[in-house]
Amino acid sequence: MWALYAFLSAFFIATTDPIAKSVLLKTGDEYVVGWSCLLLSTPFLALYYFSNKITPVSPELIRIMVFYVLPFEVFAAFLYYRALKLTDISLSVPFLALTPIFVLLTGFLILGERVRPIGIAGIALITIGVYSINIKELKGGFLGPVKAVFENKGSLYMVLVSVIFSV
């Protein structure tokens with residue numbers, strides 16, 4: 001049964017961005033898309049909440065979620081849909097793969113975690129893949145692909161989303 005859930009989850013996540021992009025092309029309003037995603041997911045979350053035994057949440061955790069996590073999530077969602085609005089999916093969404101790089105930093109700074117060499121090698125491979133998105137800009141020098149990220153607002157916004165997700 002878990003394989004079916006994993007497949008369905010992957011399918012729905014993969015279809016979310018193209019649907020959001022098409023709505024953004026029609027409406028041009030990332031706020032509408034963001035709130036629509038939230039409202040459309042609410043019945044499913046409610047169904048899950050009322051159908052499963054969920055561990056009670058402490059008031060302290062609720063306070064942390066509302067005052068610290070929620071603002072980051074809302075800002076990340078705004079940047080995410082703004083990035084989809086401004087640029088092609090293929091030039092924005094792959095930058096979410098940079099999240100592990102930023103997790104290396106935040107994990108070490110916040111939790112004191114260290115990554116094994118094999119993990120660093122995997123993150124390096126992911127970074128090379130993300131770098132290759134703008135490989136055509138290599139004619140401007142080794143940092144050409146990195147400069148292209150800063151010139152494309154959608155790509156830059158997704159990098160900022162990656163930073164937020166790493167926290």
(message) Taking the full set of protein chains and a 1.4 angstrom probe, give the accessible area of Asp17 in square angstrom, rounded to the nearest 10.
(response) 20
(message) Using 5 Å bins from zero, what percent of all Cα-Cα pairs in the stretch 77-125 falls into each bin?
(response) 5, 18, 21, 17, 13, 14, 10, 2
(request) Please work out the C-alpha center-to-center distance from the stretch 12-33 to the stretch 125-164 and express it in whole Å. (result) 23
(message) Heavy atoms only, 1.4 Å probe, whole protein assembly: order Glu137, Glu30 by accessible area, highest first.
(response) Glu137, Glu30
(message) I need the shape label for the stretch 104-166. Rule: rounded when a/c is under 1.5, else prolate if a/b > b/c, else oblate, with a, b, c from the alpha carbon gyration tensor.
(response) oblate
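Please arrange Thr27, Thr87 by accessible surface area, largest first, computed with a 1.4 Å probe and ligands excluded.
Descending order: Thr27, Thr87.
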(message) As a test of the formula, what do you get for the chain when each DSSP H run with n ≥ 4 contributes -39,500 (n - 2.57) and the sum is divided by the residue count, at 222 nm and rounded to the nearest 500 deg cm²/dmol?
(response) -22500 deg cm²/dmol
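Lys and Arg at +1, Asp and Glu at -1: add these up for the other residues within a Cβ distance under 14 Å of Ser155 and post the number. Please report the intermediate quantities before stating the final value.
Values: positive: Arg82, Lys85, Lys136, Lys147, Lys153; negative: Asp88, Glu137, Glu151.
Every neighbour counted, the sum reads +2.
What order do Ser58, Ser162 take when sorted by accessible area (1.4 Å probe), most exposed first? Write out the running numbers ahead of the final one.
Values: Ser58 55, Ser162 0 Å².
Most to least solvent-accessible, the answer reads Ser58, Ser162.
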(request) Mind computing the radius of gyration and Dmax over the alpha-carbon atoms of the stretch 21-77? Å is fine for both. (result) 14.9, 42
(request) Towards the positive end of the charge dipole of the stretch 13-167, with charges on Cβ (+1 Lys, Arg; -1 Asp, Glu), say which of Cys37, Tyr48, Ile89 has the farthest Cα. (result) Ile89
(request) Note the count of lysine pairs whose C-alpha atoms are less than 18 angstrom apart in the chain, limited to pairs 8 or more residues apart or on different chains. (result) 7
(request) State the percentage of accessible surface on the chain attributable to carbon and sulfur atoms; use a 1.4 Å probe and exclude ligands, DNA and RNA. (result) 75
(request) Determine the shape class of the stretch 43-167: with a ≥ b ≥ c the square roots of the Cα gyration tensor eigenvalues, call it rounded for a/c under 1.5, and otherwise prolate if a/b is greater than b/c, oblate otherwise. (result) prolate
(request) With a 1.4 Å probe and every protein chain left in place, work out the accessible area per residue of the chain in Å², rounded to a whole number. (result) 71
(request) Would you check the accessible area of Tyr80, probe 1.4 Å, heavy atoms only, in square angstrom rounded to 10? (result) 30
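The values are calculated or read from the model by the stated rules, or taken from the named source; none is laboratory data. Remember, it's a predicted structure, so these values are computed and weren't measured experimentally. When we count neighbours, we look across all protein chains shown, and the Cβ atoms used for this are built from the backbone with ideal geometry, even at glycine. Remember, those area values only see protein heavy atoms, side chains included, never the ligands or the DNA or RNA. Shrake-Rupley method; radii C 1.70, N 1.55, O 1.52, S 1.80 Å.
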